[in-house]
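The values are calculated or read from the model by the stated rules, or taken from the named source; none is laboratory data. As the structure is a prediction and not an experimental result, all values here were calculated from the model. Neighbour counts run over all protein chains shown; Cβ positions are idealised from the backbone, glycine included.
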Amino acid sequence: MLSYACVNKVGKALVKALSPESGLRSVIAIQKRNQCRNDEDNAAAKKQYDEQESQFTDQELNLFKKLFLKYDRDDNCKLDRWEFNQFAKFLVGRSYNSIDLEKVLRRVDENRDGYVTWVELMHHFAKKFVPQQKDRVAIAFNFFDKDNDGRLEYWETKQAVFYLGEDILASEMRYKFDLVDTDQDGKLTWVEFCSFLCGVLRKQAL
């Protein structure tokens with residue numbers, strides 16, 4: 001038999017949950033999320049990025065959108081620094097340190113407001129459809145070569161791929177990494193990284 005204190009506690013929780021204020025907060029949260037779900041249909045955004053977005057498969061778009069909504073914890077249709085880092089952690093396998101995060105954010109956050117919107121995220125990932133500049137690839141290689149030994153470990157390679165806006169969702173990425181790791185030391189040299197980035201992920205010359 002439940003005690004009076006227990007019943008009273010449950011009763012108060014129900015009253016709070018069913019209060020108009022609570023209901024209003026729920027409605028607002030749902031409205032925000034629905035707005036965010038339909039963000040890609042925004043006319044201005046669609047006009048600006050339709051060409052890039054059209055090159056993504058439906059599967060890629062659905063996955064990116066699902067992840068974006070999952071890590072948009074406060075339902076404001078944009079990712080703050082912490083939310084973006086959690087999003088990146090899911091794709092890359094580990095989160096960025098503060099210095100790396102700042103560098104990646106500067107590349108993704110186009111209007112420099114400290115947040116990443118759905119459109120900005122899609123625009124960043126659309127970089128895989130345009131030629132990469134060799135100096136940009138070199139910057140990414142050197143920046144994520146944390147021990148300065150001229151080679152990238154697998155997780156460093158994934159961070160560089162994410163930074164460059166390349167195909168972070170590529171299937172069998174680990175297998176493709178091992179394929180170009182000719183000496184099988186678990187790291188990619190500059191030449192191997194270029195081979196991985198262009199010859200495997202892009203299937204074209206840099």
Query raised in the report: Would you say Arg136 is touching a residue at least 24 places away in the same chain (Cβ under 8 Å) and closer than 15 Å to Glu192 by Cα?
Result: no
Report task. State the number of residues belonging to segment 142-190 that are among the hydrophobic types (A, V, I, L, M, F, W, C) and either free of Cβ contacts under 8 Å to residues at least 24 places away in the same chain or more than 21 Å from Leu91 (Cα to Cα) (or both). Result -> 5
Query raised in the report: Among the residues of segment 73-109, which ones are within 17 Å of Phe144 (Cβ to Cβ), surrounded by fewer than 19 Cβ atoms within 10 Å (Cβ to Cβ) and either within 12 Å of the chain's Cα centre (by Cα) or not acidic (Asp, Glu) (or both)?
Result: Lys89, Leu91, Gly93, Arg94, Ser95, Asn97, Ser98, Ile99, Leu101, Lys103, Arg106, Arg107
Query raised in the report: Does Glu166 satisfy being surrounded by 18 or more Cβ atoms within 10 Å (Cβ to Cβ), acidic (Asp, Glu) and either outside any loop (DSSP other than H, G, I, E, B) or in the same structural domain as Arg94 (by TED's automatic domain parsing) (or both)?
Result: no
Requested in this report: Go through segment 128-153 and give me each residue that's under 18 Å from the mean Cα position of the chain (by Cα) and surrounded by 16 or more Cβ atoms within 10 Å (Cβ to Cβ).
Outcome: Lys128, Ala140, Phe144
Query raised in the report: Of these, Asp100, Asp80, which one is of a type outside the set (Ser, Thr, Tyr) and modelled with pLDDT of 95 or more?
Result: Asp80
